[in-house]
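Participant: Take a look at the following structure, please.
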Amino acid sequence: MINRCTVHALSAVPNKAKKRVEMAEKSYEEEHPTKAFGWAARDQSGVLSPFKFSRRSTGEKDVRFKVLFCGICHSDLHMAKNEWGTSTYPLVPGHEIVGEVTEVGSKVEKFKVGDKVGVGCMVGSCHSCDSCNNDLENYCPKMILPYSTKYHDGTTTYGGYSDSMVTDEHFVVRIPDNLPLDAAAPLLCAGITVYSPLRFFNLDKPGMHVGVVGLGGLGHVAVKFAKAMGVKVTVMSTSPKKKQEALEHLGADSFLVSRDQDEMQAAMGTMDCVIDTVSAMHPILPLISLLKTQGKLVLVGAPEKPLELPVFPLIMGRKIVGRSCIGGMKETQEMIDCAAKNNITADIEVISMDDVNTAMERLLKTDVRYRFVIDIGNTMKI
């Protein structure tokens, strides 16, 4: 039987839930001494909204900087929706972060107030494992991501969709003056993701022939770096419409429609390496067929389901299938310096903070050329 008391109790439930949320939000503001503001996802809907939180004080080895721009990576969308099952809410995305230094710790040696800097896909590591000792912090088992992971002090990290960052100087890169900050931001993820395999697999030699699969956020930057290294580049895409873009705008040497069997067959056995940037499910046998003897297929995309790997085509040509994940801090700085020397930037569409959810929807439809960048400095409103 429902009486007046029952109705009153039920009506109070939403108010109690609201109070709990308000109390939790207040705790995020008081967790650290310095107030901060950003946009966060609160649940698996992935919808972002204004969020007040706090940043730690500037430690003796920390660099504090005002965030001016932050790129939007497809990983941000995956994480906001918890599609990889590792997200912690509230979640402030962003790992292509650039800005201007406002404060440095007493033991910081590489940066000073006013410097243009960036933070990419990691903000911490153990500093003692073999990977860290070999400048491969990106493969450290205890690597700390810029958001949705636990920092050394046990608190949750928050990313670059925010007004400020505080980061250990080891994980900060210097942005050369001739690189525009907005178009440099995506290089901190997309750039190093393709630069590192080009260097590691010795594909940075003039005369090499490299295929790039997919002409999106990763692919278009891969073409630019490979061409700067003097490499012959063939772009492969399912869309014939991208041919003109690949050849005339990005400077690729040739273009293949990956669905055209005649074109693909004519190119069999001609490439030293194929860099596959595609994250959607797709067959890789046709890509292996493009490789010369001892050629390499390097996967840098992240399909949600396992790809089928045919073994015999690998055996018959001593071909290699490899994987690569961003790069260490030394190599990331090297990549940024290479970009500055060769005037390499990402092709971007700058958006305001208020338009971030629309941008996420467009990103899901691949409706961007080729990377969204949020103008944090001018459009983030408290």
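The values are calculated or read from the model by the stated rules, or taken from the named source; none is laboratory data. Fair warning: this is a prediction, and the values are worked out from it, not measured in the lab. As a convention, Cβ positions derive from the backbone with ideal geometry for all residues, glycine included, and neighbour counts pool all protein chains shown. SASA here: full protein model, heavy atoms, side chains in, ligands and nucleic acids out. Shrake-Rupley method; radii C 1.70, N 1.55, O 1.52, S 1.80 Å.
Participant: How many angstrom separate the Cα center of the stretch 26-62 from the Cα center of the stretch 277-340?
Facilitator: Taking the Cα centre of the stretch 277-340 as reference, the centre of the stretch 26-62 is 36 Å away.
Participant: Now a separate question. Using a cut-off of under 14 Å, list every residue of the stretch 335-366 whose amide N is near the label point 7 Å from the Cα of SER239 along the Cα-to-beta-carbon line.
Facilitator: 362-366
Participant: Skip the ligands, DNA and RNA, and give the accessible area per residue of the stretch 49-172 with a 1.4 Å probe, whole Å². If you can, show how the numbers build up before the last one.
Facilitator: Details: 4790 Å² over 124 residues.
Using a 1.4 Å probe on heavy atoms only, each residue of the stretch 49-172 averages 39 Å².
Participant: Right, another one. What is the distance in Å between the Cα centres of the stretch 127-155 and the stretch 77-121?
Facilitator: When both Cα centres are located, 14 Å separates them.
Participant: Sticking with the crude label model, points 7 Å out along Cα→Cβ, report the distance from GLU83 to ARG42 in nm, one decimal please.
Facilitator: Label at GLU83, label at ARG42, 2.3 nm between them.
Participant: Please build a GNM for the chain, connecting alpha carbons under 10 Å apart, and tell me which residue among PHE111, PHE372, PHE200 fluctuates the most.
Facilitator: Comparing PHE111, PHE372, PHE200 in the GNM, the peak value goes to PHE200.
Participant: Starting from 0.36 nm per residue, how many nanometres of slack lie between ASP153 and HIS282 once their C-alpha separation is accounted for? Before the final figure, lay out each step's value.
Facilitator: Details: separation 129, 0.36 × 129 = 46.44 nm, distance 4.15 nm.
Length gained, ASP153 through HIS282: 42.3 nm.
Participant: What does the charge dipole of the stretch 218-271 about its Cα centre add up to, to the nearest 20 debye, if the Cβ of each Lys and Arg holds +1 and the Cβ of each Asp and Glu holds -1?
Facilitator: Dipole of the stretch 218-271, to the nearest 20 debye: 200 debye.
Participant: Right, next: Under a plain spin-label model, where a point goes 7 Å from the Cα along Cα-to-Cβ, how far apart in nm are LYS142 and LYS66?
Facilitator: 3.5 nm
Participant: Under a plain spin-label model, where a point goes 7 Å from the Cα along Cα-to-Cβ, how far apart in nm are LEU314 and LYS341?
Facilitator: 3.4 nm
Participant: Express the carbon and sulfur contribution to the solvent-accessible surface of the stretch 190-323 as a percent, rounded to the nearest whole number, probe 1.4 angstrom.
Facilitator: Numbers: 3520 of 6330 Å².
About 56 percent, which is the carbon plus sulfur part of the accessible surface.
Participant: Still on this structure, please answer the following. Would you work out which of GLN244, PHE312, VAL231 lies farthest towards the positive end of the dipole of the stretch 190-323? Charges go on Cβ: Lys and Arg +1, Asp and Glu -1.
Facilitator: VAL231
Participant: Right, something else. Looking at the chain as a GNM with Cα springs under 10 Å, which of SER27, SER49, SER75 has the largest mean-square fluctuation?
Facilitator: SER27
Participant: Leaving out ligands and nucleic acids, note down the accessible area per residue over the stretch 190-323 with a 1.4 angstrom probe, in whole Å².
Facilitator: 47 Å²
Participant: Can you sort TRP39, TRP84 by 1.4 Å-probe accessible area, starting with the largest?
Facilitator: If we order TRP39, TRP84 from most to least accessible, we get TRP84, TRP39.
Participant: With a ≥ b ≥ c taken as the square roots of the eigenvalues of the C-alpha gyration tensor of the stretch 124-213, please select rounded if a/c is under 1.5 and otherwise prolate if a/b is larger than b/c or oblate if it is not?
Facilitator: oblate
Participant: Which one, LEU68, LEU309, LEU77, has the greatest fluctuation when you compute a Gaussian network model over the chain with C-alpha springs under 10 angstrom?
Facilitator: The residue with the greatest mean-square fluctuation here is LEU309.
Participant: So, one more: Hey, if you put +1 on the Cβ of every Lys and Arg and -1 on every Asp and Glu Cβ in the chain, which of GLY114, SER258, THR102 ends up farthest toward the positive end of that dipole?
Facilitator: Checking the options against the dipole of the chain, the answer is SER258.
Participant: Fully extended, how many nm does the chain gain between SER57 and ILE382 (0.36 nm per residue separation, minus their Cα-Cα distance)?
Facilitator: 114.9 nm
Participant: Please identify the GluC sites (Glu not before Pro) of the stretch 80-112 that satisfy two criteria: DSSP loop assignment and at most 16 other Cβ atoms within 10 Å. Which are they?
Facilitator: GLU83, GLU109
Participant: Could you tell me which trypsin sites (Lys or Arg not before Pro) in the stretch 285-332 are loop residues by DSSP with no more than 10 other beta carbons within 10 angstrom of their beta carbon?
Facilitator: ARG318
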